[in-house]
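Bear in mind that the values in this text are calculations on the coordinates, not laboratory data. Quick caveat, the model's predicted, so the values are computed rather than measured. All Cβ positions, even for glycine, are placed from backbone atoms using ideal geometry, and neighbour counts span all protein chains on display.
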Amino acid sequence: MSRFAALLALPLAAMLGGATTPAGGATITVKVTEVRNAKGIVRACMTTDMKSFPKCRGVPGAYGATAQAHEGSVSFTFTDVKPGRYAIALLHDENSNGKADRALGMMPKEGFGFSRDAAVRMGPPKFSDAAIDIGGQDQALTIRMRYML
C-alpha cells in the first residue's frame, strides 16, 4: 500500500476505538484552523507509536477526540497526557461516515492535518516529521486543516 493510500485509508472514527487515556499528565489543547465548513465532525488522534501513525486504532496509550465541525476553527483538549514524543493526525469527516473519503481512488475528498504542519507528499508524513515533544507542562498547539479537492 502506498503512503498516499495509507493516508486515504485513515479511518479516524476507528482511530478512536481502543484509544485509552492514561491518568496523570499534561493538558494539550489543539486549535484546528482553516476548517472549510460546518459539515460533519473533526476527528483527532495523538499517538507515540511511529509504526502505526497516522492511525491510532487499538494502539495502547493513544488519545482520540472528536468535535462538531465549525467553519473556521475547532478545538480539542487532550488531558492527562504522559510525557513523550507524539504525532497528531486530523480528519474533517464531512459526511460523518467514519472514514477518509477519496476521489479517483486516491485523492482525499475531505480535510486532513498533522502536527507541526507536516508536509504531505504522496501520502501521510512520517511520524518524525509530525512529532512533538510533550513534557509535564500544558501546551497549546495550532494545526491547519488542508483540503486537496
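Once both labels are modelled 7 Å past Cα along the beta-carbon direction, what's the Asp117-Ile132 spacing in nm?
1.3 nm
Using a Cα distance threshold of under 17 Å, what count of lysine pairs results for segment 3-144 when pairs must be 8 or more residues apart or interchain? Before the final figure, lay out the partial values.
Values: Lys39/Lys99; Lys39/Lys109; Lys51/Lys126; Lys55/Lys99; Lys55/Lys126; Lys99/Lys109.
Pairs that pass both the separation and distance tests number 6.
How many nm separate the modelled label positions at Tyr147 and Ser96, each set 7 Å beyond the Cα in the direction of the Cβ?
1.9 nm
Packing-wise, with mean Cβ within 10 Å as the measure, how do 124-131, 103-110, 142-149 rank, highest first?
Details: 124-131: 19.5, 103-110: 14.0, 142-149: 16.1.
So the peptides 124-131, 103-110, 142-149, ranked by packing, come out 124-131, 142-149, 103-110.
Which FRET efficiency, nearest 0.05, do Ala103 and Thr79 yield, Cβ-Cβ r, R0 35 Å?
Once the sixth-power term is evaluated, E becomes 0.45.
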